[in-house]
Amino acid sequence: MRPARMHLRGSIFKTVFFLFLWSVFQPHFNADAITGMETGTGDEEFEELSDAPVPDATAILSPDRELTFFTIRGHYKNLFTGFASENFLDKETDHFQKKYLAADLNRLRLSPEIKTSENFLLHADMDNEIYAANYAGSRTFDAFWFPSDFNDLFDPVITERFSGDGVYRFNLHRFYAKAVTGNFTITMGRQLIRFGSGRLWNPLDILNPITPTFVEGPEDQKGIDAFRMEYYPGVATEIAIVYAPKRINDELDGDIFANKNTNLISRLRTTIDNTDLAVLGGRVTRRYLGGIDFSTILWDGMLRGSFLLSFPDRGNAYGLGSVGYEYTFRNGLYFLAEYFYNQNALNRNESLLDAYSESLVFGMNEDRFIRLANQFLTFNRHYSGIVLGYDISPLLRGDIFAIADIEGRGIYLSPSLKYNLFQNLDISIVGMLGSVFSGASVTSDFDSLEDHPLFVASLVWYF
């Protein structure tokens, strides 16, 4: 355990634990006052913090008055995953073997929020998680469930491994303060920052790259410790600046606010008629980058596209791009088609492939971090994806999601069903299957799923 982070973890844990106790035991909790800020994509317009009046000192101090400035919501989630592995590294024998890997996650997320006025809020998402898995403690388990925290400015996570197959984890998933003053919105802390309009792939989402095959959705993507400022010079225009300091060698030594790993991005977005346009530029993980993004209404559907060009300090420049179209038919059928191009693919960059392979076996270090951080890690360059979705009934929805790895001659298929069992209770089942055709000269992203599909079942109760 890093001593520099132990004190920080303890302080954060005590703070959020106090907030939780306060929410449970304060006698006049007002459940109807829950109007929390959405923590969705970075492209969402800022919503008003609250329509409730600002409480005066009497309302805060008097036990006979409701504390409307404090709300709490959350959810419970059970997530089961199962898949077979041909190359599971057994930590006891230190040999690779075939094994069926099963894990069951139970997560209780509490989301307290304090609003001192219509222009300021303090928000937290606190996760208490218990994992039961027959491969707990292995490198495979950690890579699948726990994203690397190497060089993160803060590490608000407490992990306790039990003897056998159990793991407990406390994770401060989100923790940020948000303020509005005039035409400015300022957000500081661990937050979700997403740029770009792509649905399956988002080349401009460089601070939070996420693969379409991620088991959980973007909301459960790891957050970023950052300062974000947005300026709205007009109703249809937004100028954003994101400053995200990082460590070096996973240590706080030196100038952490201006070192080589620090990320700085600015973006201008505007709307002209039915078209959103955005340009982005900055420096991320020791490379300069610039990109453009657009979305426009076409034939009653939405056409989207984006392109990003990166100039690393070492190595050649490379580009990423995507274009897609989505449409909902009159009968309710949803259709999405998207193409993605990644010039910096693993199969075409030996240094990147080596860093990726080494990280799976040995974990992260500074050299691997520089090569892997904020990258879209795909084995090949060309991908196309299709999504079909339909509400079979008011309570049951079916989706089918397919990706073609064109160079690797691989196909990924993911059918899913989601049922709203009760008003605040959803259950879903998902299959993730792969198939690779003969004739490819390179590895496909879906090789591991060809003979060993992954199955996911989940239950989510919102409160």
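Can you spot a residue in region 395-403 that is touching a Phe, Trp or Tyr at 6+ places or on another chain (Cβ under 6 Å) and free of Cβ contacts under 8 Å to residues at least 24 places away in the same chain?
For region 395-403, residues touching a Phe, Trp or Tyr at 6+ places or on another chain (Cβ under 6 Å) and free of Cβ contacts under 8 Å to residues at least 24 places away in the same chain: present.
Run Y231 past the list (1) open to solvent by 20 Å² or more (accessible area, probe 1.4 Å); (2) of a type in the set (S, T, Y); (3) in contact with a Phe, Trp or Tyr (Cβ under 6 Å, 6 or more places away or on another chain); (4) closer than 24 Å to G74 by Cα and report the number of the one that doesn't hold.
(4)
State all residues of region 360-378 that are under 22 Å from the mean Cα position of the chain (by Cα) and at pLDDT below 90; if no residue qualifies, say none.
Listed by number, the residues that qualify are L360, G363.
Yes or no: region 311-319 includes at least one residue that is within 25 Å of R371 (Cβ to Cβ), among the aromatic types (F, W, Y) and part of a strand (DSSP E or B). Spell out the reasoning first.
At the first step, the residues of region 311-319 found to be within 25 Å of R371 (Cβ to Cβ) are 311-319.
Okay, now just the ones that are also among the aromatic types (F, W, Y), so 311, 318.
From what's left, part of a strand (DSSP E or B): 311, 318.
Looking for residues that are within 25 Å of R371 (Cβ to Cβ), among the aromatic types (F, W, Y) and part of a strand (DSSP E or B), one finds at least one in region 311-319, hence yes.
For L280, only one of the following conditions fails: (1) within 23 Å of the chain's Cα centre (by Cα); (2) at pLDDT below 95. What is its number?
(2)
Of everything in region 378-425 that's hydroxyl-bearing (S, T, Y) and under 30 Å from Q343 (Cα atoms), which residue is most open to solvent (accessible area, probe 1.4 Å)?
First, pick out the residues of region 378-425 that are hydroxyl-bearing (S, T, Y): 378, 383-384, 390, 393, 412, 414, 416, 419.
The next check asks that each one be under 30 Å from Q343 (Cα atoms); those that pass are 378, 383-384, 412, 414.
Numbers: T378: 20, Y383: 6, S384: 44, Y412: 5, S414: 12 Å².
Restricting to residues being hydroxyl-bearing (S, T, Y) and under 30 Å from Q343 (Cα atoms), the top hit is S384.
Looking at this structure, is R286 open to solvent by less than 70 Å² (accessible area, probe 1.4 Å), at pLDDT below 95 and in contact with an Asp or Glu (Cβ under 7 Å, 6 or more places away or on another chain)? Spell out how you get there, then give the answer.
Details: open to solvent by less than 70 Å² (accessible area, probe 1.4 Å): yes; at pLDDT below 95: yes; in contact with an Asp or Glu (Cβ under 7 Å, 6 or more places away or on another chain): yes.
In short, yes.
Could you identify the single residue in A240, A258 that is under 21 Å from G189 (Cα atoms) and open to solvent by 60 Å² or more (accessible area, probe 1.4 Å)?
A258
Which of the residues spanning region 200-245 are within 28 Å of M126 (Cα to Cα) and in a strand (DSSP E or B)?
Passing the criteria: I224, D225, A226, F227, R228, M229, E230, A240, I241, V242, Y243, A244.
Just to be sure I understand, how many residues within region 333-358 are open to solvent by 20 Å² or more (accessible area, probe 1.4 Å) and over 20 Å from the mean Cα position of the chain (by Cα)? Explain how you work it out, then say what you get.
Step one: filter region 333-358 for residues open to solvent by 20 Å² or more (accessible area, probe 1.4 Å), giving 333-335, 337, 339, 341, 343, 347-351, 353-354, 356-358.
Within this subset, residues satisfying the condition of being over 20 Å from the mean Cα position of the chain (by Cα) are 333-335, 337, 339, 341, 343, 347-351, 353-354, 357-358.
Residues in region 333-358 being open to solvent by 20 Å² or more (accessible area, probe 1.4 Å) and over 20 Å from the mean Cα position of the chain (by Cα): 16 in total.
In region 170-193, what residues are open to solvent by less than 30 Å² (accessible area, probe 1.4 Å) and closer than 16 Å to N263 by Cβ?
T187, G189, R190, Q191, L192, I193
Could you list all residues from region 200-214 that are modelled with pLDDT under 90 and either open to solvent by less than 50 Å² (accessible area, probe 1.4 Å) or in contact with a strand residue (DSSP E or B) (Cβ under 6 Å, 6 or more places away or on another chain) (or both)? Give the steps one after another, and end with the answer.
If we filter region 200-214 for residues that are modelled with pLDDT under 90, which is where we start, we get 208-214.
Correct list: N208, P209, I210, P212, T213.
Table: residues versus (1) outside any strand (DSSP E or B); (2) touching a Phe, Trp or Tyr at 6+ places or on another chain (Cβ under 6 Å); (3) more than 30 Å from T187 (Cα to Cα).
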{"position": "K99", "(1), (2), (3)": "no, yes, yes"}
{"position": "A102", "(1), (2), (3)": "no, no, yes"}
{"position": "L105", "(1), (2), (3)": "no, yes, yes"}
{"position": "A132", "(1), (2), (3)": "no, no, yes"}
{"position": "Y135", "(1), (2), (3)": "yes, yes, yes"}
{"position": "F150", "(1), (2), (3)": "yes, yes, no"}
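Does S148 count as closer than 30 Å to I72 by Cα, more than 26 Å from the chain's Cα centre (by Cα) and open to solvent by less than 70 Å² (accessible area, probe 1.4 Å)?
Values: closer than 30 Å to I72 by Cα: yes; more than 26 Å from the chain's Cα centre (by Cα): no; open to solvent by less than 70 Å² (accessible area, probe 1.4 Å): yes.
So S148 fails the test.
Can you name the residue in region 431-447 that is open to solvent by 40 Å² or more (accessible area, probe 1.4 Å) and in contact (Cβ under 8 Å) with a residue 60 or more places away in the chain and, of all such residues, is nearest to the chain's Cα centre (by Cα)?
Residue satisfying both the conditions and the ranking: D445.
So for region 268-280 (the condition being hydroxyl-bearing (S, T, Y) and in a loop (DSSP other than H, G, I, E, B)), does at least one residue qualify? Outline the logic, then answer.
Let us first name the residues in region 268-280 that are hydroxyl-bearing (S, T, Y), namely 270-271, 275.
In the following step, the residues that additionally are in a loop (DSSP other than H, G, I, E, B) were identified as none.
No, the conditions are met nowhere in region 268-280.
Does region 281-305 hold any residues that are part of a strand (DSSP E or B) and within 30 Å of D152 (Cβ to Cβ), and which are they?
Here is the first cut: in region 281-305, the ones part of a strand (DSSP E or B) are 281-283, 287-298, 301-305.
The answer is G281, G282, R283, R287, Y288, L289, G290, G291, I292, D293.
Picking from R330, R304, which residue would you name as being among the charged types (D, E, K, R), surrounded by 13 or more Cβ atoms within 10 Å (Cβ to Cβ) and on the phi < 0 side of the Ramachandran plot? Break it down into steps so the answer makes sense when it comes.
On the way: R330 fails: surrounded by 13 or more Cβ atoms within 10 Å (Cβ to Cβ).
Answer to the check: R304.
So is T159 in a strand (DSSP E or B) and of a type in the set (S, T, Y) or not?
Working: in a strand (DSSP E or B): yes; of a type in the set (S, T, Y): yes.
Considered against the rule, which asks whether it is in a strand (DSSP E or B) and of a type in the set (S, T, Y), T159 comes out as yes.
The values are calculated or read from the model by the stated rules, or taken from the named source; none is laboratory data. Just so it is clear, the model here is predicted, and its values are computed rather than measured. Quick reminder, even Gly has a Cβ in these numbers, built from the backbone with ideal geometry, and neighbours come from all protein chains shown. When the accessible area is computed, the model is the full protein with side chains, heavy atoms only, and any ligands, DNA or RNA have been set aside. Shrake-Rupley method; radii C 1.70, N 1.55, O 1.52, S 1.80 Å.
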